[in-house]
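One structure is given here, and the rest of the page talks about it.
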Amino acid sequence: MISIEQALEKILSYVDILDEEQRSILDCPGQVLAEDVYSNIDIPPLDNSAMDGYAVRSKDTRGASHQSPRRLRVIDTVAAGSIPQYGVKPGTAIRIMTGAPISKGADSVVRFEDTDEAQGKKFPDEIGILSEVEVGLNIRQAGEDITTGSKVLSKGTVIRPPEVGVLASLGRSMVKVIRRPVVAILATGDELVDINQPPAAGKIYNSNTYSVAAQVGRYGGIPQILGIALDSEGSLVSRLRNGLAADMLITIGGVSLGDYDVVKDVLAKEGEIAFWTVQMKPGKPLAFGTIKAGVARNIPLLGLPGNPVSSMVTFELFARPAILKMMGKKNLAKPTIEAIIENHIVNSDGRRILARVIVEKRDGQYFARLTGPQGSGILTSMTSANGLAIIPEDKAGVEKGDAVQVMMLDWSEEI
Ligand code: AMP
Ligand code: MG
């Protein structure tokens, strides 16, 4: 049995960052930028107003106050999107809207609230300025956000909503990113029926394909569902063939020591086994290796255990980082926090326990309590959990009140 760290290192050594693709900026959040993005424009393109008000020469506002307004002649109105026709000369002002370019001659903008327009009629011929303004007040400088020729986003950046916005502000509709991995998912088991079939006696619904497909999607991969294989080598191999164009294969179930656990045999015959069994609970019977998909192509295959909790937990620990690595991400670890455990947990067989817990913060301190019974078939323990408390393999357990590390399942790696 190898440790979780050894297993992860092995799996990651078999997967590589994928190739690049051009994508619409609307489709690429969560993907990694595969180019340095430079700007060929200034943003904003022109000096413009940060307020609705009057573009003025600041000199003309000297001494202005509510008691003695400075009166200026209004010579024009400029809206955002239009170009001013006139310059501001001594004694004049131009009514200006937020985002509209600043007229020649003006060096500041007095907002409406600091003029007597606020009290009087709109579009006056003359305006009273009620306060002095400094040079540059309420003016956004051309290029203050982005200057022509500058590097705006670097290769390797994970695209989030602000990056999408910046790309749009540069007029980019497409961008080069690392493509998403296709992950083919095959459930195994004579007892399984698909969720749109009637459940015959002795059969259960195939739930793991769906939880795992949702996990693939959550971390940015594209799930390819291969259906359900029977517990025979022939059925497994023929179903797996439909997934040979994928970047990774995931089988679920059939990796234990039972009579019908044939995934290892298929791995050995159709490729090679890198390891089998990891020192963890749940999820000990985890298999990993490669399947031959052509002369020079071997696809990594992760054989997850079939118990619904085990398949989800092993996915989090091993498939998730592999997907993130293929996507070009650098932070592969889920955030881990220290919490006070509120239960007594026994570790009887020297494996690392990943207990489903509910983490809450009280008085600045995290507390973690078990979701309830921890059987690896109790999938609802995953729906109520927001973390996995880690009980080390070299400890006989933890007492209520001990500090434990908790892997936070819903926190992003990208912090
Ligand atoms: P196995 O690893 O194939 O021995 O399966 C362990 C347990 O998980 C058995 O009780 C299976 O019925 C159950 N199981 C395996 N695959 C699935 C699946 N796709 N959906 C729901 N339960 C499953
Ligand atoms: Mg099975």
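Relative contact order for segment 101-224: what is it in percent, counting Cα pairs under 8 Å that are at least 6 residues apart? Write out the running numbers ahead of the final one.
Details: 91 pairs, mean separation 22.0, N = 124.
Relative contact order, segment 101-224: 18 percent.
Taking residue 203 as the anchor, which aspartates and glutamates have their alpha carbon closer than 19 Å to its alpha carbon, excluding any fewer than eight residues away along the same chain?
Reachable aspartates and glutamates: 190, 191, 194, 231, 259, 261.
Around residue 205, under 11 Å between beta carbons, what's the net of Lys plus Arg minus Asp minus Glu among the other residues?
On the way: positive: 203; negative: 191, 194.
Charge balance near residue 205 sits at -1.
State which entries of 10/281; 59/122; 155/264; 264/400; 89/122; 176/292 exceed 28 angstrom in Cα-Cα distance in the structure shown. Can you show the working numbers first?
On the way: 10/281 19 Å; 59/122 24 Å; 155/264 40 Å; 264/400 40 Å; 89/122 22 Å; 176/292 30 Å.
Going by Cα-Cα distance, 155/264; 264/400; 176/292 fall outside the 28 Å limit.
If R₀ is 51 angstrom, what is the calculated FRET efficiency for the pair residue 265 and residue 148, using the beta carbon separation as r and rounding to 0.05? If you can, show how the numbers build up before the last one.
Values: r = 62 Å, r/R0 = 1.22.
With R0 = 51 Å, the Cβ-Cβ based efficiency is 0.25.
What number does segment 1-138 give for Rg over Rh if you use C-alpha atoms and the Kirkwood radius? If you can, show how the numbers build up before the last one.
On the way: Rg = 26.6 Å, Rh = 18.6 Å.
In segment 1-138, Rg relative to Rh is 1.43.
For the chain, the longest stretch holding no GluC sites (Glu not before Pro) located in a DSSP loop with at most 10 other Cβ atoms within 10 Å is which?
Details: sites that count: 134, 399.
No qualifying site falls inside 135-398, the longest such stretch.
Counting pairwise Cα distances across segment 225-298, what percent come out greater than 17 angstrom? Intermediate results must be reported in sequence, preceding the final value.
Details: 1151 of 2701 pairs.
It works out to 43 percent of all Cα pairs.
Semi-axes of the equivalent ellipsoid of the chain: what are they in whole Å, largest first, if each equals the square root of 5 times a C-alpha gyration tensor eigenvalue? Display every interim value, and only then the final one.
Numbers: eigenvalues 784, 140, 63 Å².
Semi-axes, largest first: 63, 27, 18 Å.
What fraction, in whole percent, of alpha-carbon pairs in segment 148-263 exceed 21 Å separation?
Numbers: 3503 of 6670 pairs.
Value for segment 148-263: 53 percent of Cα pairs lie more than 21 Å apart.
Fewest to most neighbouring Cβ within 10 Å: what's the order for 186, 226?
Result, fewest neighbours first: 226, 186.
Let's see if you can work this out: charge +1 on each Lys and Arg Cβ, -1 on each Asp and Glu Cβ, no other charges. What is the dipole magnitude of segment 166-305 about its Cα centre, in debye to the nearest 20?
820
Taking the Cα centre of the chain as origin, work out the dipole magnitude from +1 charges on Lys and Arg Cβ and -1 charges on Asp and Glu Cβ, in debye rounded to 20. Don't skip to the answer; put the middle values down first.
On the way: 45 positive and 50 negative charges, 107 e Å.
Dipole of the chain, to the nearest 20 debye: 520 debye.
Note the direction-averaged projected area, equal to a quarter of the hull surface, for the Cα convex hull of segment 307-351, in nm². Kindly include the intermediate steps, with their values, before the conclusion.
On the way: hull surface 19.7 nm².
Approximately 4.9 nm², given one-decimal rounding.
Does segment 217-352 come out rounded, prolate or oblate by the C-alpha gyration tensor, with a ≥ b ≥ c the root eigenvalues, rounded set by a/c under 1.5 and, if not, prolate when a/b is larger than b/c and oblate if not? Kindly include the intermediate steps, with their values, before the conclusion.
Details: a/c = 2.20, a/b = 1.38, b/c = 1.60.
Oblate.
Values quoted throughout were computed directly from the atomic coordinates according to the rules given, and no laboratory measurement underlies them. For clarity, every value in this text was computed on a predicted model and none was experimentally measured. No Cβ is skipped: glycine too gets one built from the backbone with ideal geometry, and neighbour counts run over all protein chains shown.
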